[in-house]
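The values are calculated or read from the model by the stated rules, or taken from the named source; none is laboratory data. Worth saying up front: this structure is predicted, and the values here are computed from it rather than measured. Cβ placement follows ideal geometry from the backbone for every residue including glycine, while neighbour counts extend to all protein chains displayed.
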Amino acid sequence: MARETVGQISIFDFIKPSEPDIILHPGEHVYKVIKGDIIEYEVEDWTYTCGEHDRGYGLVYIDPENPNSEFHTYSRAWNSSFEGENQYIFRDRKEAEQKAKENLKRYEHILAEDIKPNKVVAYEFTYYGGKRIYFYAELSDGSVYRDSDGCFAHIGKAETEIATFNRGMKAKEEQLGITRLIDYKPKFKNMYECEDRNWKYAESGYGKWGI
């Protein structure tokens, strides 16, 4: 039997380990399920290996209501994301919808369609060339739904949420200028019970990464 010596080149030095398969391609759309919500992403034009057995991909979300905005949300997917009972990224929309439906049974939630505000206060301003709208909505139980200042949409105590909103709008008015929107009809998000000393509920991306 041949004995390996220090510095000797072996045939194994020319054999490169096989890399994980590329299963997603640029421009392809995938669906991430977070709690009971579905977020559609587009696969970016780059990929990378994660050790010897997994591969990662860049994902970008472009808001369909504001596609020209310079602000995008980015995420990641891996080959392993499509495996096992805890799968939370899908290539098929119907499969993602089924997973989201199952998840709703696990979380205390308020569906967006069931949020009926008594009063809405909203302002619009221009930021980086795009229109932004911040608002809060007073609810029948005395709490307030707020979507502003770049934080997660959530439901909290009225006195705290309104005061925070007003401070933010005062700063925006001084820096950018704002316009009060009359009869604005918000597009609410599904709310999920959260562990926060100030908030009762928050949108799916906040807190525990539900799958």
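Quick one: how many residues across the range 115-126 are loosely packed, with under 14 Cβ neighbours inside 10 Å and over 21 Å from Glu203 (Cα atoms)? Let's see the steps before the verdict.
Quick first cut of the range 115-126, residues loosely packed, with under 14 Cβ neighbours inside 10 Å only: 116, 118-119, 126.
Now restrict to residues that are over 21 Å from Glu203 (Cα atoms): 126.
Selection size over the range 115-126: 1.
Can you tell me which residue in the range 132-145 is farthest from the chain's Cα centre (by Cα), limited to those that are charged (D, E, K, R) and more than 14 Å from Lys187 (Cβ to Cβ)? Before you say what the answer is, go through the steps one by one.
Going through the range 132-145, the residues charged (D, E, K, R) turn out to be 132, 138, 141.
With more than 14 Å from Lys187 (Cβ to Cβ) added as a condition, the list becomes 138, 141.
Values: Glu138: 25, Asp141: 28 Å.
For the range 132-145, the residue satisfying everything is Asp141.
Can you tell me which residue is nearest to Tyr128 (Cα to Cα) among those in the range 73-99 that are at pLDDT below 90 and surrounded by fewer than 12 Cβ atoms within 10 Å (Cβ to Cβ)?
Of everything passing the filter in the range 73-99, Tyr74 is nearest to Tyr128 (Cα to Cα).
For the list (1) touching a helix residue (DSSP H, G or I) at 6+ places or on another chain (Cβ under 7 Å); (2) assigned to a loop (DSSP other than H, G, I, E, B); (3) at pLDDT below 95, I need the number of the one condition that Asp183 fails.
So Asp183 meets the others, but not (1).
Using beta carbons and a limit of 8 Å, which pairs, at least six apart or on different chains, have the first residue in the range 38-53 and polar (S, T, N, Q) and the second one assigned to a strand (DSSP E or B)?
What qualifies is Thr47/Arg55; Thr47/Gly56; Thr47/Tyr57; Thr47/Gly58; Thr49/Arg55; Thr49/Gly56.
I'm told Ile39 meets every condition in (1) at pLDDT 95 or above; (2) outside any loop (DSSP other than H, G, I, E, B) except one. Can you identify the failing condition by its number?
The failed condition is (1).
Of the residues that sit in the range 163-193 and are β-branched (Val, Ile, Thr) and over 25 Å from the mean Cα position of the chain (by Cα), which one is nearest to Glu108 (Cα to Cα)? Reasoning before the result, please.
Pass one, the range 163-193, residues β-branched (Val, Ile, Thr): 164, 178-179, 182.
After this cut, where a residue has to be over 25 Å from the mean Cα position of the chain (by Cα) as well, the list is 178-179, 182.
Numbers: Ile178: 36, Thr179: 36, Ile182: 33 Å.
The extreme case among them is Ile182.
Can you name every residue in the range 67-125 that is within 30 Å of Asp45 (Cβ to Cβ) and of a type in the set (Ser, Thr, Tyr)?
The answer is Ser69, Thr73, Tyr74, Ser75, Ser80, Ser81, Tyr88.
Counting only residues that are of a type outside the set (Val, Ile, Thr) and part of a loop (DSSP other than H, G, I, E, B), how many does the range 101-143 have? Can you show your working first?
Here is the first cut: in the range 101-143, the residues of a type outside the set (Val, Ile, Thr) are 101-109, 111-114, 116-119, 122-125, 127-132, 134-143.
Of the ones still in play, those that are also part of a loop (DSSP other than H, G, I, E, B) are 104-108, 111, 116-118, 128-129, 139-142.
Matching residues across the range 101-143 total 15.
Evaluate the following for Arg146: is it outside the structural domain of Gly36 (by TED's automatic domain parsing), outside any strand (DSSP E or B) and free of Cβ contacts under 8 Å to residues at least 24 places away in the same chain?
On the way: outside the structural domain of Gly36 (by TED's automatic domain parsing): yes; outside any strand (DSSP E or B): no; free of Cβ contacts under 8 Å to residues at least 24 places away in the same chain: yes.
No: the conditions fail for Arg146.
For Tyr134, are the conditions met, namely being within 20 Å of Glu193 (Cβ to Cβ) and surrounded by 18 or more Cβ atoms within 10 Å (Cβ to Cβ)?
Taking the combined requirement at face value, the residue does not satisfy it.
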